[in-house]
1. Based on what the data block shows, is E40 modelled with pLDDT of 90 or more and of a type in the set (D, E)?
2. Hey, any hits in the range 107-119 for a residue that's within 17 Å of G17 (Cβ to Cβ), polar (S, T, N, Q), open to solvent by less than 70 Å² (accessible area, probe 1.4 Å) and within 13 Å of the chain's Cα centre (by Cα)?
3. For the range 150-179, give me each residue that is open to solvent by 80 Å² or more (accessible area, probe 1.4 Å) and either within 19 Å of I31 (Cβ to Cβ) or assigned to a helix (DSSP H, G or I) (or both).
4. Looking only at residues in the range 125-149 that are closer than 20 Å to N94 by Cα, outside any helix (DSSP H, G or I) and out of contact with any Phe, Trp or Tyr (no Cβ under 7 Å at 6 or more places or on another chain), which one is most open to solvent (accessible area, probe 1.4 Å)?
5. For the range 12-28, give me each residue that is over 10 Å from the mean Cα position of the chain (by Cα), β-branched (V, I, T) and open to solvent by less than 10 Å² (accessible area, probe 1.4 Å).
Amino acid sequence: MEDDIDQENGIKITLLGNPGVGKTCIISKYIDDTFEENEESTIGANFMEKVIKRGDKEVLLNIWDTAGQEKFHSLGKHFYKDSYIVCFVYDITNQESLDSLKATWYPDLQKYGEKYTVLAVVGNKSDLYEEDNLADEAQAKEFAKEINATFFLTSAKSGDGIEKLFNTLADQYLSPEFAPKAKEMIKKRGPSFSVKSKNNKNVQEKKKCC
């Protein structure tokens with residue numbers, strides 16, 4: 001990416017989905033390698049930051065965890081701004097959480113989100129894959145195909161698929177296909193990500209809430 005868009009705010013990644021699907025747990029596992037079985041639902045939104053290496057660059061990920069409760073949906077338009085990577089998360093043991101991605105969360109993104117966005121559909125709790133009454137995975141994959149998203153299975157409990165999820169999305173964002181679109185949007189709307197020198201030893205992970 002060119003120097004004129006190497007800024008301080010990081011690549012903004014937003015996780016969307018119903019309460020209880022594991023958005024907070026996914027982020028906690030990725031950032032701190034921790035898992036809380038009874039993680040409390042997010043109120044409003046919070047975000048965490050992590051620096052990763054992609055090729056010869058260090059990239060700052062600014063990962064937003066949004067509340068799934070209906071009463072917070074009106075805040076969505078504020079969180080979608082400058083979010084050029086969006087993950088739609090559902091619980092593989094809960095069909096309703098999958099249905100809501102198509103009925104509620106994707107229409108919200110279309111209404112409030114950016115023109116160009118790297119998308120993922122994430123089936124979380126893959127450690128429960130042997131349970132009865134699983135959500136329809138074929139439907140999830142078809143939905144991902146319809147919206148030009150990549151489909152992932154993850155387990156915030158075991159960590160399976162978590163690194164792959166964020167590394168793949170960062171690579172897609174930085175790819176020659178998407179990078180020109182990102183540059184166009186950032187020039188119009190202001191900076192939304194940072195690519196730091198690989199020799200920078202002062203970069204630290206942070207956790208913030210709002």
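1. It is false that E40 is modelled with pLDDT of 90 or more and of a type in the set (D, E).
2. Yes, the conditions are met somewhere in the range 107-119.
3. Result: K157, D160, E163, K164.
4. E130
5. V21, the sole residue that qualifies.
The values are calculated or read from the model by the stated rules, or taken from the named source; none is laboratory data. Only a predicted model underlies this, so the values are computations on that prediction, with no experimental measurement involved. FYI the Cβ positions are ideal-geometry reconstructions off the backbone, even for glycines, and counts take in every protein chain you see. Side chains are part of the model used for accessible areas, which takes the heavy atoms of the whole protein and leaves out ligands, DNA and RNA. Shrake-Rupley method; radii C 1.70, N 1.55, O 1.52, S 1.80 Å.
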